[in-house]
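Participant: Have a look at this one before I ask anything.
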Amino acid sequence: MDKIRIGIIGCGGIANQKHFPALKAYSEECEMVAFCDIIEERAQKACEQYGAPGAKYYTDYKEMLKDESIDTVHVLTPNVSHSPITVAAFEAGKNVMCEKPMAHTTEAAQAMMEAWKKSGKKFTVGYQNRFRADSQCLHEACAAVDLGDIYFAKAHAIRRRAVPTWGVFPDKSKQGGGPLIDIGTHALDLTLWCMDNYEVESITGSVFEKLGHSKLAAQDNMFGPWDTDTFEVEDSAFGYIKMKNGATIFLESAWAINMKDSREAACTLCGTKAGAEQLGGMSKDGGYELVINETTHGKLTEKHLSKGGAIAFFTGGHDGPEFAEAKQWLKALRGEGEPLVKPEQAFTVTMILDHIYKAATTGKTIYFD
């Protein structure tokens with residue numbers, strides 16, 4: 001069986017923390033044969049550490065895409081470059097895994113969708129939180145209509161003080177925004193996916209720059225003080241999304257906010273039969289917990305998802321969501337089903353985030369036909 005030949009564009013934090021280890025774990029199925037980064041030393045280091053024999057490194061992705069032996073590309077660059085690189089990859093005949101979010105604007109995401117449809121290639125976006133055990137269980141419960149008609153939801157992406165101080169996160173020209181587009185995107189993706197509802201009627205938004213320039217707030221940051229003079233994005237943002245069937249979603253996102261009960265990449269769902277909450281984030285140790293609340297024999301009850309038991313002297317396997325994401329993507333590339341994260345779904349997430357920013361700027365609710 002021939003290995004899937006993968007080219008990496010962007011060898012920074014997300015590549016090293018997520019994609020490189022996950023792809024290396026499945027080295028019998030794939031091999032990383034090309035690495036590209038605008039910082040040559042970073043591309044060279046990645047190539048030497050993770051590259052297959054004969055792997056090459058580049059500083060220009062257009063040169064890398066000329067290699068016809070590469071069949072799949074992972075786009076792991078800052079948000080604003082996702083669209084041009086992905087479009088070029090499809091035009092070069094490659095499959096594409098693009099990191100979240102799909103793009104920083106609706107127009108940029110639309111260009112990616114059009115290029116994908118013309119190419120006939122595989123396309124997915126990196127929303128690995130769908131692969132967590134609690135997310136999978138919640139999605140199955142929703143698909144089985146265990147919650148009934150889900151009419152209200154909250155998408156949680158709240159950090160009390162955790163502004164990323166590395167890379168280009170506070171640079172609006174490269175990221176397109178702050179916590180809304182960075183972590184709010186995960187929470188919104190989980191919420192829409194579980195609800196299986198992508199038909200938007202209206203969007204209202206509020207965006208705040210209250211703590212980003214506060215030296216007092218910066219001192220308590222998990223990742224060390226951020227530079228308040230170069231902080232160009234919002235520190236918190238909120239969206240009110242009404243769906244065409246009447247369901248409503250409240251999206252909350254913040255890197256820094258005076259809120260004790262912080263949680264991230266999680267959602268709360270309220271249905272006619274039951275409700276569900278994903279608990280996890282800075283204020284909770286031990287990963288994520290799923291709680292389903294309902295009525296049993298005339299009493300209000302709660303069900304908690306049990307954690308899997310351990311087996312003595314056995315620690316093998318890769319059970320993190322990033323490994324499950326990579327495995328499912330590789331199977332899809334081999335024709336064993338479609339990617340779990342569909343481009344149309346990721347497009348809707350980007351469209352909503354973009355219009356939260358736009359609604360906040362105008363101060364008006366945006367309506368869709």
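The values are calculated or read from the model by the stated rules, or taken from the named source; none is laboratory data. Owing to the predicted nature of the structure, the values given are computational and were not obtained by experimental measurement. Here the Cβ positions follow ideal geometry from the backbone for every residue, glycine too, while neighbour counts run over all protein chains shown. Just the protein is used for accessible areas: all its heavy atoms, side chains included, with ligands, DNA and RNA removed. Shrake-Rupley method; radii C 1.70, N 1.55, O 1.52, S 1.80 Å.
Participant: Going down the table (K62/K122; K244/K331; K100/K260), which pairs top 29 Å between alpha carbons?
Facilitator: Pairs exceeding 29 Å: K244/K331.
Participant: Turning to a different aspect of this structure: Output the 0 to 90 degree angle, nearest 10, between the alpha-carbon long axis of helix 343-362 and the longest principal axis computed from the alpha carbons of the chain.
Facilitator: So the inclination is approximately 60 degrees.
Participant: In addition: Helix 106-119: angle to the longest alpha-carbon principal axis of the chain, degrees 0 to 90, nearest 10?
Facilitator: So the helix axis and the longest Cα principal axis differ by about 50 degrees.
Participant: Ok, one more. Mind telling me which of T165, T72, T268 comes out most flexible in a GNM of the chain, alpha-carbon contacts under 10 Å?
Facilitator: T165
Participant: Same structure, new question: Quick one: ranking M195, M102 by accessible area, 1.4 Å probe, largest first, what do you get?
Facilitator: M195, M102
Participant: Now a separate question. In whole Å, what is the distance between the alpha-carbon centres of the range 212-270 and the range 73-89?
Facilitator: Result: 25 Å between the Cα centres.
Participant: Also, quick follow-up: Take every Cα pair under 8 Å in the chain that's 6+ residues apart, average their separations, divide by the length, and report that relative contact order as a whole percent.
Facilitator: 19 percent
Participant: If you don't mind, there's one more thing I want to ask. How high is the relative contact order of the range 66-222, in percent, with contacts defined as C-alpha pairs under 8 Å that are six or more residues apart?
Facilitator: Computed value for the range 66-222: 21 percent relative contact order.
Participant: With a 1.4 Å probe and all protein chains left in place, how much of the accessible area of the chain comes from carbon and sulfur atoms, in whole percent?
Facilitator: Exposed carbon and sulfur together represent 51 percent of the surface.
Participant: Give the cross-link partners of K66 among the aspartates and glutamates, using a straight C-alpha distance below 15 Å as the criterion and excluding same-chain residues fewer than 8 apart.
Facilitator: List returned: E91.
Participant: Working with all protein chains in place, sort H304, H19, H355, H139 by solvent-accessible area computed with a 1.4 Å probe, largest first.
Facilitator: H304, H139, H355, H19
Participant: Determine the calculated [θ] at 222 nm for the chain from helices alone, applying -39500 (n - 2.57) to every DSSP H run no shorter than 4 residues and normalising by the residue count; nearest 500 deg cm²/dmol.
Facilitator: -9000 deg cm²/dmol
Participant: Going by accessible area, probe 1.4 Å, with all protein chains left in place, what is the ranking of I14, I241, largest first?
Facilitator: Of I14, I241, the descending order of accessible area is I14, I241.
Participant: List the chymotrypsin sites (Phe, Trp or Tyr not before Pro) in the range 190-252 that DSSP assigns to loop (not H, G, I, E or B) and whose Cβ has at most 13 other Cβ atoms within 10 Å. Which are they?
Facilitator: Filter output for the range 190-252: F223.
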